[in-house]
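Reading through the structure tokens given below for one structure.
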Amino acid sequence: MRQPEGTRALSHVLVCGGTLDEWFALTRSDWTRLIEVLTSALQASGARWLTICPYEGALPADATATILRQVADATGGTVSSNRVSFIGRDGIVGIVDALANGQQRFVDSVNAISSPVIDEGMIAASLFAPATDDPDLILVFGVPTRVPPALVWELAYGELVFLDSPWTSCNAEHVHMAVDDFQRRERRFGGVDS
């Protein structure tokens, strides 16, 4: 879908919310609703990629596998390692990553690279696969005074928008508000005014 006139490109949105315990309590229909809300709300933004990760938490491997199966059932997606990839509304590619430890996600991504020489692009490609872009917008369901431990590398280039609301209450208004906030920002990628 074409982006509205006068807006900046939004390619990849990352949603970070809920603990793994909260994720484990979700039903297949809860996942279907949440993913439908997110993909529907992002439809007009021009986003091609949606990644969802937990805010924090740890669960035994069998509980994490249960979450991944539920998400795969809800989306028709494919499970690979700690992720489910799926095709959502209007071709938005979704990734649900059940690994809440950002440092471990980074280590796993580096270890998955078979090249003896590793660069930033290779790390990003491994970290966000199958997405091809770093997140532009990071929507965090949680208090704005704390960065989620699930996010490490993702913070380098993404614009953070915090919503002090439970992520299971996510609705189209939350997503539209975050996208509007993103559109109003002047992204300088660490640069300062001269």
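What follows is calculated from the coordinates using simple rules that are stated; it is not laboratory data. Model, not experiment: these values are computed from the prediction. When we count neighbours, we look across all protein chains shown, and the Cβ atoms used for this are built from the backbone with ideal geometry, even at glycine.
Would you kindly state how much longer the chain becomes between A9 and V117 on full extension, computed as 0.36 nm times their sequence separation minus their alpha carbon distance, in nm to one decimal? Mind dumping the intermediate values first?
On the way: separation 108, 0.36 × 108 = 38.88 nm, distance 3.13 nm.
Fully extending the segment from A9 to V117 adds 35.7 nm.
Jot down the radius of gyration and Dmax of segment 108-194, Cα atoms only, both in angstrom.
Taking only Cα atoms of segment 108-194, I get Rg and Dmax of 15.3, 46 Å.
On full extension of the chain, what length is gained from V143 through T27, given 0.36 nm per residue of separation minus the C-alpha to C-alpha distance? All intermediate terms of the calculation are to be shown ahead of the outcome.
On the way: separation 116, 0.36 × 116 = 41.76 nm, distance 2.49 nm.
This chain segment gains 39.3 nm when fully extended.
Roughly how many nanometres apart are two label points built 7 Å out from the Cα toward the Cβ at E173 and A58?
Distance between label points: 3.8 nm.
If you average over every viewing direction, what projected area does the convex hull of the Cα atoms of the chain give, in nm²? If you can, show how the numbers build up before the last one.
Numbers: hull surface 46.8 nm².
That works out to 11.7 nm², a quarter of the Cα hull's surface.
Using a Gaussian network for the chain with springs between C-alpha atoms less than 10 Å apart, which of these wobbles most: V84, V93, V147?
V147
So what's the gap between the Cα centers of segment 60-74 and segment 104-172, to the nearest angstrom?
20 Å
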